Amino acid sequence: MASRNHTVVTQFFFVAFSNSLELQISLFFLVLLLYLITVVGNILIIMITVVDPALQSPMYFFLRNLSFLEIGYTSATIPKMLVNFLSEDTSISFLGCATQMYFFSFLGITECCLLAAMAYDRYMAICHPLRYTAKMSRGVCLQLSTVSWLIGVLMGVGQTTFMFTLPYCGPNKINHFFCDLPPLLKLACTETYRNEIAVFTIAVTFVMVPFLLILVSYIRILHTILSIPSAAGRSKTFSTCSSHLIVVTLFFGSGIVTYLRPKSSYSLNTDKLLSLFYSVVSPMLNPLIYSLRNKEVKEAVRRVMARKIFI
Ligand SMILES: *[C@@H]1O[C@H](CO)[C@@H](O)[C@H](O)[C@H]1NC(C)=O
């Protein structure tokens, strides 16, 4: 029965955000602009952390990896989203939807893990400065990032396989901007309670564990910073982790609010707008936060520009 039901839905349709063409066109240009800023900003971060000799520390290794990830993370959902804003045909094939969900959850989970690795890096730098260089060697950084990517790949495969072995027998209208877990789960024609528990458990484990690690790191960082006697020293030390703290707060804040709310408080339109925050806005803010708040990055940009002008 399940396999017969399976063949009923061969494609999904995204529900338009609004009936007003003007609003759809405005959203198109807004999201396009944010996407372009994201891609250009993250490419600039990658380039500058490759070429500038002052940006070769573990922090910038992870930042480069994060920027690389953000480009993929946004490219998994935004191009299709842009087409849907303007096109009459908002369909997506079963396979297209699965691909989108795979990359989105794979890269989302990798991002959680990378942010945790970055918090660990800040913790070692601030709380154990003497052991820092030995503990955060090139090899350790590579291992931490490779493990983050591996966890993402495995969890992405697991979650997507799970979601796409559920029977879908219609309705096939996705009330969302892309194939995200909660809206798709609503379309599965089984008792989704058990599935919701499964999705919830995975989310709790693979979002909350990195989140808790980050929390513990920052509690210890805060403890160390508060024990610095001079105010100038405190603010100087804090400035080395403030960019990361803001990025973490934005990413986990919007993610936790969206995924970990109890079901009864779900309102699909609120969810849709919130999802724009973690899928579009937050990846754009990362390079901005790091370049505007971070003296080292600002100086590196200045050096690179001076060199270009000089040549
Ligand atoms: C990010 O890390 C992964 C795993 O270590 C690596 O394969 C990839 O090339 C890195 N990307 C960048 C841009 O540093």
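So, in the stretch 121-139, of the ones that are within 16 Å of the ligand (Cβ to nearest atom) and over 22 Å from LEU245 (Cα atoms), which residue ends up most open to solvent (accessible area, probe 1.4 Å)?
Going through the stretch 121-139, the residues within 16 Å of the ligand (Cβ to nearest atom) turn out to be 121, 136-139.
If we keep only those that are over 22 Å from LEU245 (Cα atoms) too, we end up with 137-139.
On the way: SER137: 43, ARG138: 143, GLY139: 38 Å².
Here the answer is ARG138.
May I ask you to list the residues in the stretch 217-233 that are assigned to a helix (DSSP H, G or I) and open to solvent by 80 Å² or more (accessible area, probe 1.4 Å)?
ILE219, ARG220, LEU222, HIS223, LEU226, listed by residue number.
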Looking at PHE62, PHE68, which one is within 12 Å of the ligand (Cβ to nearest atom) and either of a type in the set (D, E, K, R) or in contact with an Asp or Glu (Cβ under 8 Å, 6 or more places away or on another chain) (or both)?
PHE62
Taking the condition of being in contact (Cβ under 8 Å) with a residue 60 or more places away in the chain and among the small types (Gly, Ala, Ser), how many residues in the stretch 23-61 meet it?
2
Flagged in the stretch 166-199 as of a type in the set (Lys, Arg) and assigned to a helix (DSSP H, G or I), in numbering order, are ARG194
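From the list MET163, MET155, MET118, which residue is assigned to a helix (DSSP H, G or I), under 18 Å from the mean Cα position of the chain (by Cα) and either in contact (Cβ under 8 Å) with a residue 60 or more places away in the chain or surrounded by fewer than 17 Cβ atoms within 10 Å (Cβ to Cβ) (or both)?
Numbers: MET163 fails: under 18 Å from the mean Cα position of the chain (by Cα); MET155 fails: either in contact (Cβ under 8 Å) with a residue 60 or more places away in the chain or surrounded by fewer than 17 Cβ atoms within 10 Å (Cβ to Cβ) (or both).
Matching residue, one of MET163, MET155, MET118: MET118.
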Going through VAL31, VAL50 one at a time, which residue ends up being within 16 Å of the ligand (Cβ to nearest atom), surrounded by fewer than 23 Cβ atoms within 10 Å (Cβ to Cβ), outside any loop (DSSP other than H, G, I, E, B) and on the phi < 0 side of the Ramachandran plot?
VAL50
Out of THR77, THR90, sole residue that is touching a strand residue (DSSP E or B) at 6+ places or on another chain (Cβ under 8 Å), more than 16 Å from the ligand (Cβ to nearest atom) and open to solvent by less than 30 Å² (accessible area, probe 1.4 Å)
THR90
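The values are calculated or read from the model by the stated rules, or taken from the named source; none is laboratory data. Just so it is clear, the model here is predicted, and its values are computed rather than measured. Heads up, the Cβs are rebuilt from the backbone with ideal geometry, glycines too, and the neighbour counts pull from every protein chain shown. Ligands, DNA and RNA are excluded from the accessible area calculation, which covers all protein heavy atoms including side chains. Shrake-Rupley method; radii C 1.70, N 1.55, O 1.52, S 1.80 Å.
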